[in-house]
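Following: one structure in structure tokens, then a few remarks.
The values are calculated or read from the model by the stated rules, or taken from the named source; none is laboratory data. Every value quoted in this text rests on a predicted model; they were computed, and no experiment measured them. So basically every Cβ, Gly included, is an ideal-geometry build from the backbone, and we count neighbours across all protein chains shown. Ligands, DNA and RNA are stripped out before the accessible areas are found, and what is left, the full protein with its side chains, is counted by its heavy atoms. Shrake-Rupley method; radii C 1.70, N 1.55, O 1.52, S 1.80 Å.
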Amino acid sequence: MTHEPARTPENDKLSSLRASRFAVRAAMLAERLWPLVLPFLLVVTFFLSASWFGLFRGISEPVRLGLLAIFALAGLGALLLLRRLRPPTPDEIDRRLEAANALEHTPVQVQFERPGGKADGFAEALWREHQRRMAEKLQVLGGDLPRPNIPAHDRWALRTLPILALAVGYAFSYGSMGGRLTDAFQPGAGVVAIPPRIDAWVTPPGYTGKPPIFLTSEANQDSTTFTVPAGSELALRVTGGSGNETLGLITPAGERIVDPRESPVPEPAVGAGNRQFVTKIVGDGEVLLREGDSRIAGWNFKTIPDTPPSIHFVGEPLQALNGTLEVQYEIRDDYGATSANADFELSEAPSPQAEPIYGKPELKLVLPRRGAILPTAKVSRDLTDHVWAGSKVRLTLQATDAAGQTSLSETKEFILPERPFTNPLARAVVEQRKIFALDANRKPEALDLIEAITLRPEDTFDSLSHYLGLMVAKSMLASADSDEQLRSTADYFWELALGIENGELSSAEMRLKQAREALKQALERGASDAEIDKLMKELREAMNEYLREFAERAQRDPNMQAQQTERTLSDRDLQKMLDDIEKQAKSGNREAAEDLLAQLENLMNNLQMARPQQGDNSQQSEMRQQMNKLGDIMRRQQEMMNETHRLDQRQQQSEQGMNSQQPMTPEEFADAMKQLQEGQGKLQSELEQLMKGLEGMGIQPGQGFGEAGKQMGEAQGALGENEGQRATGHQGQALEALRRGAQDMMQQMQQAMQGEQGNGQEGGRQQSSDRDPLGRPRATRGPDDGDTTRVPDEIDAQRARQILEAIRKRLGNALSPELERSYLERLLEMR
């Protein structure tokens, strides 16, 4: 058979066959064309991606032309592959069509073939019948789709990378850093420079409390010199630009080039990308940002040096009535000290062969409040249980700031307070404890002393329990071999001495001390309200137990009474103070709660058993008069400071045109200042008279009164020069100095009254015999109807809280004038 098509009527009916053959031919042609066109498409894809990513914008002219030539040659080379294209033959098309439609016996090829040999009518008829039957299979004939067989050519699916690059490049081209398709054909496109963005800021050290300074902000555009604390960190970030920028720090010692580092927060980059420079500013100098020899930006800096802190004693270390050590000191630092501690040393160095079992006493110092006019603080610590108690010691204070700088105070030499023991046996036990605690080598000496004491117990001991306790202590000391065992023995000796001296009162006192300390620590660390409730309950119970046992002991011993001051301490006072502590703690004012707790501790420290004192009504009356005069001076000084501040603010706002009130003329302002000057001078004179009166009573005015007089004189001079702000500062310092002088005066008065103890007569005891050590009527007088209870004056902390509440209430009034609101806010900040 031949492949020449037979033209028969049946074949004319197969028009759909031609269409199918055309479709299959196109599919086969596409299959053979796809591998030959793919290289050219890849070249085009890479060219488009490179253009959209801005490759041709950031390169020089020779490089641009070189890349363009590479892309052109690659494209031409890819097009040459089209010469390998071979169209499909009719037989290939028919076989593909039959295979696509699953046709048997090649019905498509039958339609275009004829029998070979000599023509025969029967054979022709038979062949046409065969063609007709085969044509029936071609009534519904479909084509075929191209089969590119891509996985066979790309087993690793790398074909997705050009597509992804093309899509990302197209999106990137719409950004400020994107390129265009015409960049490759435009001479000079590579020299287009993107102006760099400069962000610069200075961050002062965190302990300074100062905010960062943004050098490149609009507010600082016209400023070229900045004052910053020493140790501040300069950070400068350059986005864009050529990437060749350098930062130089110029100081008197020379110029130092700062090494750049990558930005911790990357941004869209050009060329070398983001560059960040970080350096410390430790002294005056200039910072320059340059590109080559061209100056881009620059700033001058003046540094504020961080001076070391200073710490000084305020007066001498004092001893409370119960032996507690009280140390008042002053700490100054430009940004506030971060820690302070006390260092004790024995005045007489121990023997080199001595083996003490205890180290130095520990005294934790508290820091003054930030913003205080005078940065003073006071710490109280009961060190009577330390073996150094009663020995002469040297005390030096040390303060440290956030920069690690330290300073030392002057050294004070004094006798470390010790607990007074009236019982001879208790004193002996304490002395034996001190012998072996200061030098473990002297343990045999302590054992010999105990042996001597217990030689005749019937003559030495009033209580069998005391004898048994001392024998247990002797046995513990004899068997103690290590320092730990010796310390445990020494603790037992101390507890034994307290038990002999005070009986069960020592345990109640210890419980009260532990409850106060637990509450103090909870306030310092900001404990929850539930924990505060629990600790307040424990403090109340410990306080009640201590006061009950204290009163019972005083009633059993008529020769003992609590030292009474002008203000009587009652149960109601103590409960009110405890309520105030709890209220302030729960309201969030933990500092006020700590102050009240310190006042409570001071009251309890000065509550001790003493002999009755002879009532010297005339001297006490004179003391009361001097105290009243001092209170009046302090009150008037406070009022004068407030009036000075008010006038000064009113005058300043009048000069600025902001005063809603009637403005003061310069003459009126000068007259008002003159009146305040006269009043300030009168106050200074009254203070001098008060100091002379105190000297007549045998009380030496402290440094506080002298400082107050000096500050009053400075304030008087400032008022004469119409400098209200400077006068207000001196008046505030005078007021603070008056408070310190008043505290010193009270301590001297207490010591003076205490010195008269022991000389009283029966009449003196009879004066207080109807009251217990806490000022409460004794049970023998019947129920307390309140007619003899003296209502105490408000303490300073309570008065301060009332003033603060009034200020906050006034601030909450929306109708308050702006001037008044500003003044009240400053009063709160002074707190």
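Side notes on the structure shown:
- Cα-based shape type of the stretch 213-255, given that a ≥ b ≥ c are square roots of the gyration tensor eigenvalues and the cut on a/c is 1.5: oblate
- Rounded FRET efficiency, nearest 0.05, which uses the C-beta distance separating L41 from L73 and R0 of 22 Å: 0.85
- Lysines with Cα under 17 Å of K682, excluding same-chain neighbours fewer than 8 positions away: K629, K674, K692, K710
- Close amide H contacts of D334 (hydrogens built in the peptide plane, cut-off under 5 Å, sequence separation of 5 or more or a different chain): T307.
- At the residue level, H466 shows approximately 40 square angstrom of accessible surface with a 1.4 angstrom probe and all protein chains present.
- Highest average first, the peptides 736-742, 423-429 ordered by how many other beta carbon atoms sit within 10 Å of their residues are 736-742, 423-429.
- Computed E for R95/A157 - FRET, C-beta separation, R0 30 angstrom, nearest 0.05: 0.40
- Residues whose placed amide H lies under 5 Å from that of G179, excluding near-sequence neighbours: F53, G54
- For E355, the residues 5 or more places off, or on other chains, whose built amide H falls under 5 Å of its own are A440, N441.
- All other residues whose Cβ lies under 12 angstrom from that of R86 are scored, Lys and Arg at +1 and Asp and Glu at -1, for a net of +1.
- Solvent-accessible area of T239, all protein chains in place: 20 Å² (probe radius 1.4 Å, heavy atoms, ligands and nucleic acids excluded).
- Estimated Rh, the stretch 669-709: Kirkwood, alpha-carbon pairs, angstrom: 11.4
- Residue-wise HN-Hα couplings along the stretch 474-484, as the Karplus relation 6.51 cos²θ - 1.76 cosθ + 1.60 with θ = phi - 60° gives them from phi, are 4, 5, 5, 5, 5, 8, 6, 10, 9, 4, 4 Hz; Gly and Pro carry x.
- Three-way shape label, the stretch 268-348, alpha-carbon gyration tensor, a/c 1.5: prolate
- By average C-beta atoms within 10 angstrom, highest first, the peptides 245-257, 226-238: 226-238, 245-257
- Shown are D648, D91, whose ranking by accessible area with a 1.4 Å probe and every protein chain present, most to least, is D91, D648.
- Cβ-placed point charges (K, R +1; D, E -1), dipole of the stretch 318-357 about Cα centre in debye, nearest 20: 100
- Lysines with Cα under 22 Å of K474, excluding same-chain neighbours fewer than 8 positions away: K434, K443
- Net charge of neighbours whose Cβ lies under 13 Å from the Cβ of K392, counting Lys and Arg as +1 and Asp and Glu as -1: -2
- Normalised Debye scattering of the stretch 624-727 at q = 0.11, 0.12 Å⁻¹ gives log10 I(q)/I(0) of -0.41, -0.47, counting only Cα atoms as equal scatterers and leaving out solvent.
- Once both labels are positioned 7 Å from their Cα atoms along Cα-to-Cβ, the gap between Q638 and I150 label points is 8.9 nm.
- Distance histogram for the stretch 307-417 (every C-alpha pair counted, 10 angstrom bins, percent rounded to whole numbers): 14, 44, 29, 12, 1
- Local net charge near S409, Cβ-Cβ under 14 Å (Lys/Arg +1, Asp/Glu -1): -4
- In the stretch 354-499, the ratio of gyration radius to Kirkwood radius, Rg to Rh, stands at 1.11 when only Cα atoms are counted.
- Cα shape, the stretch 452-551, gyration tensor, a/c 1.5 rule: oblate
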